[in-house]
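Below is one structure, written out as structure tokens, with a few remarks after it.
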Amino acid sequence: MTSRRRLAVAPALAAAVLALTACGGGAPPAIEVTPVDGPFDPVDVRVTGLAPGATITLTATTRVDDMPFDSRATFAADANGRIDLATTAPASGSWTTADPMGPFWSMSSVSRRWWSVFDEPYVVALAVVDASGETLAEVTVDRPGTAPGVETRPMEASGVIGAYTLPADHSGEPLPAALVLGGSEGGLETAMMTAQWIAGLGYPALAVSYFDEPGQPTELENVPIEPVLTALEWLHAQPEVDTDALFTFGYSRGGELALWLAAEHPDRVAGAFAPVGSGYLVCGVPDLSAPAWILGGEPLSAACAREIGREPPAGSLIDVAAIDGPVVLACGGEDALWPSCPLMDDIVARRGSAETIAVPGDGASHFVSIPPGVPGLDPEIPVEIHSATHAVRRAFWDAAADVFAAASR
């Protein structure tokens with residue numbers, strides 16, 4: 001069972017417009033917003049009733065976390081006076097590709113609460129403005145949020161710092177679930193955000209911190225993984241979890257640990273999600289002479305990779321072919337943190353014919369695991385990279401939703 005929330009468009013579901021001008025005596029300009037089935041409820045957006053070839057600007061604005069967010073892009077209407085954002089790229093503006101969600105994710109500002117600020121519903125105002133600055137049509141769109149009503153509570157287990165998330169509409173029946181691991185930023189916050197997004201799709205998830213919380217190592221060096229193994233067993237014991245469909249989900253450095261857990265414990269893990277992850281174990285940070293992970297006080301592997309992008313030592317390879325279930329990957333071709341696309345290609349090659357979904361990341365950044373449709377928090381990111389990154393996010397979360405749904409059947 002998945003949770004498919006429907007977007008509401010006010011004041012009418014399919015097309016609601018304040019018409020201030022009419023073109024050639026025909027229908028007045030209108031903004032049509034149509035819900036589309038998919039993770040985090042995408043929409044289709046069309047503008048109709050324009051003069052053929054007319055140049056207009058489409059704007060989007062909202063206020064969330066007491067901060068204003070906005071986007072704009074300029075388009076030329078086709079011969080029928082229409083603009084379909086799914087097939088028409090803007091001539092200029094906040095996004096560069098044909099994308100009906102462009103007005104939403106390309107809004108930018110800052111937030112004190114990172115991407116979780118968009119977990120609950122919020123309202124976006126769309127408007128069409130002509131070259132003289134006159135508003136031709138406008139509509140408000142109720143966005144459902146990425147984790148509305150999700151229940152989050154601390155995990156209660158000795159030696160583990162975690163947060164357990166449950167879908168808002170959970171019925172009590174066992175569902176596929178995920179153990180979630182963050183990246184080299186450490187702590188619990190970003191892993192918890194991801195767990196909440198998974199719960200927003202309709203599935204339980206447990207976020208676990210492995211370093212940089214009280215009582216844990218302050219650096220990604222000699223990190224004991226016993227708490228992660230304890231968390232895996234704890235999640236198996238929860239009544240809401242289908243123990244035959246429990247996945248690991250880690251991004252970046254957490255991705256390599258997610259893959260290792262799935263490879264080493266195929267009886268406990270049904271598959272892995274590892275966007276911008278590595279298929280071999282990388283050494284510690286900042287001390288490259290130390291292992292990143294230890295178990296029983298010993299390094300997790302016979303060797304670890306010190307230089308990403310070079311041939312890794314044989315002892316550092318994770319046996320990704322041993323993962324008994326689907327593996328879902330994504331990368332960023334413009335990843336500034338490490339070469340995530342070559343890392344992904346290595347995993348795909350060594351998986352052979354095993355079920356692997358790999359989303360190519362042409363032009364995308366490192367941050368491909370953020371939900372699609374979520375506005376940006378860094379106005380300095382080049383628009384081309386932002387556009388490419390959103391395309392990868394869309395494909396990655398589509399794949400993730402499909403894997404969870406298949407497991408639930």
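Before moving on, here are some points about what is shown:
- Check on GLY133, within 17 Å of PRO39 (Cα to Cα) and either among the basic types (Lys, Arg) or in a loop (DSSP other than H, G, I, E, B) (or both): no
- Test for ALA237: is it under 24 Å from the mean Cα position of the chain (by Cα), of a type in the set (A, V, I, L, M, F, W, C) and either assigned by TED's automatic domain parsing to the domain that holds TRP293 or surrounded by 23 or more Cβ atoms within 10 Å (Cβ to Cβ) (or both): no
- Scanning region 98-136 for residues that are in contact (Cβ under 8 Å) with a residue 60 or more places away in the chain and charged (D, E, K, R) returns ASP99, ASP119, ASP130, GLU134.
- From SER340, SER387, SER301, residue being in contact with a Cys (Cβ under 8 Å, 6 or more places away or on another chain) and outside the structural domain of SER116 (by TED's automatic domain parsing): SER340
- Per this entry, VAL328 is counted among residues that are buried (at least 20 other Cβ atoms within 10 Å of the Cβ) and modelled with pLDDT of 95 or more.
- Strands (runs of 3 or more DSSP E) fully within region 292-375 counting 2 or more residues that are among the charged types (D, E, K, R) and within 17 Å of the chain's Cα centre (by Cα): none
- Any chance ILE323 is at pLDDT 95 or above and closer than 21 Å to LEU220 by Cα: no
- Considering region 137-181, the residues that are among the acidic types (Asp, Glu) and touching a residue at least 60 places away in the same chain (Cβ under 8 Å) include one that is surrounded by the most Cβ atoms within 10 Å (Cβ to Cβ), namely GLU138.
- Any chance ALA79 is more than 25 Å from the chain's Cα centre (by Cα) and at pLDDT below 95: no
- Test: residue in region 183-194 that is touching a residue at least 40 places away in the same chain (Cβ under 8 Å), in a strand (DSSP E or B) and more than 13 Å from the chain's Cα centre (by Cα): no
The values are calculated or read from the model by the stated rules, or taken from the named source; none is laboratory data. These numbers come from a predicted model, not from an experiment. With ideal geometry, Cβ positions are generated from the backbone for all residues, glycine too; neighbour counts draw on all protein chains shown.
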